Each structure stands twice: as C-alpha cells, then as structure tokens.
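Just so you know, all these numbers are worked out from the coordinates, no wet-lab data involved. In this text, all values refer to a predicted model and were calculated from it rather than measured experimentally. Positions of Cβ are generated from backbone atoms using ideal geometry, with glycine treated the same way; all protein chains shown enter the neighbour counts.
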Amino acid sequence: MTTSNRFNAAINKLYTAFHNNTLNPEDCKQCAVGNILDNNDSWRHMTNIHGSITLNYVGLVHQNLGRKFNGYTPLELLKIEASFLEGCGYRVGPTYCHKPDYYKDKAILFNGLSEVVVKLCELDKIDNVMDCSQIFQFSASVNNSISQTV
C-alpha cells in the first residue's frame, strides 16, 4: 500500500509520542495534532472550543486560503483532534468538551491513537491500516483448506 508523506510523518510522530509518553490530550502541544505539528499549539487558534470541528474566523481564513500545516488543512486537523479526544473517552461537541478522569491511562491513549489512525487513513483515502479483518479472513480460509485436506 502506498501512503502519502504527510501520513507517514504523522504516524511516525504519533508512534514516537506514544512510546515516549509525550501524548497528552490535555496539552495542545502534546495531543495528536500538537505532535503532528511538531509540538506547536498554534492550531488551537483555529477553533473556539477544544474538540470542536467548527472552524472560527482564523481557521476559516487559513482554510479558504488553502493553507496546510504539515500537509493538513485546518479542518482536517480539527477532525484528527476530535477523533483523538473521542477515542480517549472525551465527549466532544460544538460547545462542549468533557474530559474523562482517566485520560492518562496508556490503554485509553492507545484507543485515541487508534481512532486517529483510522481518521488519517480516511483523510488520505487509503485502507485502514489498523483493520485486522483481512488477516482473520485469510486465516479462516487457510484453516478451511487445511481441514478439508485432512
């Protein structure tokens, strides 16, 4: 499967952040988008509410000018962050972002990271690299062939 440079860079940064314990949904420099943007929090000025996918005036200006940040448009960045927060158990919406008490748990962060990977694949229009169904379908067909030959 061929992936884009932006996808590869984002995955590498998120992988590093997860394993270095520098992935934090409460810090705009260390959240999913913060890490994708090299630990920069300027992206937070593109929306009025953390977790919202609604661009504010600043975000709309950047979006309408066709600006991209490490390959992603402002709207794509907000969608990535919303998927991360939802995967971590946050309730997000246009006016509300409620954090869970356990947001630093490694398993919760992995869930958030998994949702980000799904979103990154969707944005690049590639198959979900986290989808194991093909592996299991292959395994099932191998097992059926083996049982039929025995």
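Data for the structure
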| read-out | value |
| --- | --- |
| Burial order of peptide ranges 29-35, 71-77 (average beta-carbon count within 10 Å, highest first) | 29-35, 71-77 |
| For MET1, net neighbour charge (Lys/Arg +1, Asp/Glu -1) across residues whose Cβ lies under 11 Å away | -2 |
| Estimated FRET transfer efficiency when R0 is 41 angstrom, pair THR22-ASN64 (beta carbons, to 0.05) | 0.80 |
| Other-chain or far-sequence residues with amide H under 5 Å of ARG67's (modelled H) | none |
